[in-house]
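Reading through the structure tokens given below for one structure.
The values are calculated or read from the model by the stated rules, or taken from the named source; none is laboratory data. Note that the coordinates shown come from a computational prediction; the quantities given were computed from them, not determined experimentally. Glycine also receives a Cβ, built like all others from the backbone with ideal geometry; neighbour counts cover every protein chain displayed.
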Amino acid sequence: MEKKFIYKMIEDALIPYISGADDWEIRNEDYEIMYKRIMERKTLASENEVYELVEDVVYEYITNDANV
């Protein structure tokens, strides 16, 4: 999958968490960290599971479970 597409998926998955929070800004470094985690896990996943991986990684980021 193309990196731009994964970034867009991350952005879309973040919307429910950051909508209405005007001062919330995701750093480029954080996008890159989430992208790398998704790609590491993707090697074992099917195409349909990528959406779930994105949701999981974004949730970990938001809840700070992954220590991003």
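Just the residues that are modelled with pLDDT of 85 or more and aliphatic (A, V, I, L, M), please, taken from the stretch 36-58.
Once the filter is applied, which keeps residues that are modelled with pLDDT of 85 or more and aliphatic (A, V, I, L, M), the stretch 36-58 yields I38, M39, V50, L53, V54, V57, V58.
Pull out all pairs, ordered by first then second residue, where Cβ-Cβ is under 7 Å, the residues are six or more apart or on different chains, the first lies in the stretch 29-45 and is outside any helix (DSSP H, G or I), and the second is at pLDDT 85 or above.
A45/L53
Look at the stretch 17-35 and say how many of its residues are surrounded by fewer than 10 Cβ atoms within 10 Å (Cβ to Cβ) and either of a type outside the set (A, V, I, L, M, F, W, C) or modelled with pLDDT of 90 or more (or both).
Residues flagged as surrounded by fewer than 10 Cβ atoms within 10 Å (Cβ to Cβ) and either of a type outside the set (A, V, I, L, M, F, W, C) or modelled with pLDDT of 90 or more (or both) within the stretch 17-35 amount to 8.
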